[in-house]
1. Take the conditions assigned by TED's automatic domain parsing to the domain that holds residue 176, under 19 Å from residue 267 (Cβ atoms) and either out of contact with any strand residue (DSSP E or B) (no Cβ under 8 Å at 6 or more places or on another chain) or not in a loop (DSSP other than H, G, I, E, B) (or both) and apply them to residue 187. Does it pass?
2. Hey, can you tell me all the residues within the stretch 549-566 that are in a loop (DSSP other than H, G, I, E, B) and touching a residue at least 40 places away in the same chain (Cβ under 8 Å)?
3. Residue 85 versus (1) outside any loop (DSSP other than H, G, I, E, B); (2) crowded, with 17+ Cβ neighbours inside 10 Å: which is the lone unmet condition?
4. Cβ-Cβ distance below 6 Å, separation of 6 or more or different chains: which pairs start in the stretch 489-509 with a residue that is under 9 Å from residue 521 (Cβ atoms) and end on one that is outside any strand (DSSP E or B)?
5. Residues in the stretch 387-422 that are under 27 Å from residue 361 (Cα atoms) and either part of a loop (DSSP other than H, G, I, E, B) or modelled with pLDDT under 85 (or both): how many?
6. Please state which one of 154, 146 is outside any loop (DSSP other than H, G, I, E, B) and over 22 Å from residue 368 (Cβ atoms).
7. Looking at residue 402, is it in contact with a strand residue (DSSP E or B) (Cβ under 9 Å, 6 or more places away or on another chain) and within 19 Å of residue 155 (Cα to Cα)?
8. Could you say which residue among 431, 439 is surrounded by 13 or more Cβ atoms within 10 Å (Cβ to Cβ) and farther than 26 Å from residue 531 by Cα?
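The values are calculated or read from the model by the stated rules, or taken from the named source; none is laboratory data. Here the structure is a predicted model, which means the values were calculated and not measured. Note: ideal-geometry Cβ built from the backbone for every residue, glycine included; neighbour counts use all protein chains shown.
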């Protein structure tokens, strides 16, 4: 297909002063921006299932605050997900390039502005690339096809790096190709800057995208240097363009390596390697936290085969139909090469045609470099979850995002396929009918085909959006205590349960700290460092966020959650009184109290009713008492200076059945003053399945009430006698 005039090429309007193609491209890009805003608000109001979003947004907030490192007030209580510990503080395992884009959006009007701008850039640049390689009609169709691709639509609403990196890669490709056509050193410089930034954002992704262009650059430069017949000025111009592109691209590499030196201390050690040394490119043993696998070439081929199958059947525009159209476009390119090869003596026109075909072929190189390069990245295995379960893994919700760059050549060649088929239809109609009838027939067929294609594309795009919207509805309930009138007041600290270990923003992505840990709300990991956190924020009100059910929003199990006030108590002696209901089916009751220094056991008469238990902590010891308790050994335990008192009351209701009450009480001693906080109280139907007392469904005769108190002469109680320390009451 050669270059030709298009009805979009020129818009004859001196008043507007812009050609119709560019105006339409701008409108299409604007639509993409609006779509992005809608997806953010309607599909991902609480962010996505990929907890990397919280990492990038935390990093963006740090950049806006002028920080590369976080210095939390309490070690291990404020470490965000995927942040690396160092002598200078905590830093993200990701480079700040993508976060900087989000930060710019925040400066302009909000983080969603950045996503809208990236989405508009991808659609607009794809349209420009299609026009650069073919014509205006192909360009607009390509932009439209990217816009309608499920992978694009989903990532238009998430704060992940893949769309941003593709936008930079697109800018590189367009600038490089135009620089070749126009002989422009300025555009060659733009190309180098774009790929340099892309490398800083995602080094391996940028290398895979640039690989066909790098090969072309080296080949053309080498050929120019060895062919003495070339015009010297042309040779110098080519060398100047290559130096400009390589120079700016190398600057991006240097910035990335310099950032390595600042964060990890080693130029060649990237932050993600410092976080998990075996989470990298290559084969063999791969490990990230507690997840590891022997990543063999066989496993890579199997996993990547599934990823590519899912990409081309579910995540490009119209799925299989869109892929088929792209194959038509590729076939057109192959046919063009064959016709060129069959032509006779080379002419100026044939040379121009060859150059056009070479530039178009560069885009097809992505179908090789991206899939082949991704074989060496075990993330494509991880994104699938279980290889045998189609609905497992992040790919089911967010698509094959490591192959995001392939949306671009697929859209361009699908556009070529549509344009080619439409041209065949017009010519066929012209041969069979008179001119007026031919135009009507062609128009009718095109309209019907477009409607059918649009229906397939809409259905293909709707499925993943619906899945993610359903997941967000589950998250609505989980975040309900933080929204509306139920939200905690300003100047508070909220303790979050360590669902997946001592990490913030995993899974609670929305609940992020300001970089200085001085926002209206401060979020800390609960359970193990609560006293130290309370001491670091003496003037703030304390809360615990508790929930029951499965946090995972994709397992059809809802979450019940609430915020509970936490009271501070200090004095010569402090303690907690607990009253637990023993149901009529109770057969026996055993009580265990444990500290860091030891444990004590007790039994009761096992009679139904209320069981009262009192714990009193003083400097160095913990006393346990209760009217129905009979000690099995000592009644007093030693306490460490920082301790966590844990109480387990097992209620046997049958020969092999029962449940447990569990209490956890932090205790600290400083210069003879004992401090504590309201305890946590849980009911455990199974040893590994507990729920906060008072939440969820359970037997109506199972409940626990706790009250924290000060028993000394120098006391501080952060509550009145009627409201202090209630942590759980109900079923």
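1. No: the conditions fail for residue 187.
2. Once the filter is applied, which keeps residues that are in a loop (DSSP other than H, G, I, E, B) and touching a residue at least 40 places away in the same chain (Cβ under 8 Å), the stretch 549-566 yields 549, 551, 553, 554, 558, 559.
3. The number of the failed condition is (2).
4. That search, which allows pairs on different chains as well, returns 490/520; 491/540; 492/540; 493/537; 493/540.
5. Filtering the stretch 387-422 down to residues under 27 Å from residue 361 (Cα atoms) leaves 399-422.
With the extra rule that they be either part of a loop (DSSP other than H, G, I, E, B) or modelled with pLDDT under 85 (or both), the set shrinks to 399-400.
The total comes to 2.
6. Result: 154 is the single residue among 154, 146 that is outside any loop (DSSP other than H, G, I, E, B) and over 22 Å from residue 368 (Cβ atoms).
7. Yes, satisfied.
8. Only one candidate passes the filter, namely 439.
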